[in-house]
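Single-structure report; data block below.
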Amino acid sequence: MTDPAVVIGADGLARPAWAAVDPLLRGYYDTEWGMPVTDEHGVFERISLEAFQAGLSWATILRKRPAFRAAFDNFHPDEVAAYTDTDVERLLADAGIVRNRQKVEATITNARATLRLRDETDLADLVWSFKPETTPRPRAFAEIPTNSAESAALAKELRRRGFVFVGPTTMYALMEAIGIVDTHLLDSHRRGSSAVWPE
């Protein structure tokens, strides 16, 4: 039986309710969410956006993503790490992004931590090293976890290395977004699409 959280679209494809109506969210779900991101730049951008998303809807962040990219030099860690107080004030005056001083400063802090990591490893390699042995197999939206032992361990390790705004729930959302876990509902047309996990 198809879960009520899954909606069959006009194209005949099954998606969760959150991705079924808004064209922006549907496009993101169909092409990006859950697909592997394994490069430093891509992981840094997503950690940054997940931090900005805390307390807000993902749709809000997605709509503002072009403005975020413009404001933060496309989230290149080397450039963001060099930001000064002048840049912080510039960002806080930018109506196109979420103007939250703690989150702006966290993005700069995390860029600097990303650069320090290079002495030992790569941000993407570190994050992916917390990939669990199994992934959830949810049939209903209520069965999708919001954190895990691995996301808690990842959050702890990132904090140890100087990252901020990287709590277990935020890191689980990151793991979902970049393909480390597959939380697509079993009835979704995207289940297994990352090729990281079998259907």
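The values are calculated or read from the model by the stated rules, or taken from the named source; none is laboratory data. Since the model is a prediction, treat every value here as computed from it, not as a measurement. Cβ coordinates were reconstructed from backbone atoms using ideal geometry, including for glycine residues, and neighbour counts include every protein chain displayed.
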Are any of the residues in the range 146-156 in contact with a strand residue (DSSP E or B) (Cβ under 7 Å, 6 or more places away or on another chain), in a loop (DSSP other than H, G, I, E, B) and within 30 Å of GLY12 (Cα to Cα)? no
When the residues of the range 1-52 are filtered to those that are among the small types (Gly, Ala, Ser), without any contact (Cβ under 8 Å) to a residue 24 or more places away in the chain and part of a loop (DSSP other than H, G, I, E, B), which remaining residue is surrounded by the most Cβ atoms within 10 Å (Cβ to Cβ)? ALA20
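Given the criteria touching a Lys or Arg at 6+ places or on another chain (Cβ under 7 Å) and not small (Gly, Ala, Ser), does ILE178 qualify?
yes
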Determine, yes or no, whether ARG63 is assigned to a helix (DSSP H, G or I) and modelled with pLDDT of 95 or more. yes
Out of VAL37, VAL43, VAL6, I need the residue that is modelled with pLDDT of 95 or more and touching a Leu at 6+ places or on another chain (Cβ under 8 Å). Which one? VAL43
The range 118-131: number of residues that are part of a helix (DSSP H, G or I) and either surrounded by fewer than 16 Cβ atoms within 10 Å (Cβ to Cβ) or of a type in the set (Gly, Ala, Ser) (or both): 2
Just the residues that are modelled with pLDDT of 95 or more and of a type in the set (Ser, Thr, Tyr), please, taken from the range 101-134. THR107, THR109, THR114, THR121, SER129
Here is a list of conditions, (1) assigned to a helix (DSSP H, G or I); (2) touching a His at 6+ places or on another chain (Cβ under 8 Å), and ARG191 meets all of them except one; can you say which number that is? (1)
I'm trying to understand the selection: among the residues of the range 146-174, which are charged (D, E, K, R) and under 21 Å from ILE108 (Cβ atoms)? GLU157, ARG159, ARG160, ARG161
Just to check your reading of the model, which residue among GLY96, GLY162, GLY167 is small (Gly, Ala, Ser) and at positive phi? GLY162
Tally of residues being within 18 Å of the chain's Cα centre (by Cα), part of a loop (DSSP other than H, G, I, E, B) and buried (at least 17 other Cβ atoms within 10 Å of the Cβ) across the range 66-91: 1
Considering the range 167-191, residues that are closer than 18 Å to ALA142 by Cα and free of Cβ contacts under 8 Å to residues at least 24 places away in the same chain, and then whichever is surrounded by the fewest Cβ atoms within 10 Å (Cβ to Cβ), we arrive at THR169
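Residues in the range 47-79 that are closer than 14 Å to ALA106 by Cβ and not polar (S, T, N, Q): how many?
Residues meeting the conditions: 11.
Taking the range 92-117 on its own, how many of its residues are in a loop (DSSP other than H, G, I, E, B), without any contact (Cβ under 8 Å) to a residue 40 or more places away in the chain and either farther than 18 Å from LEU49 by Cβ or not acidic (Asp, Glu) (or both)?
So the count comes out to 4.
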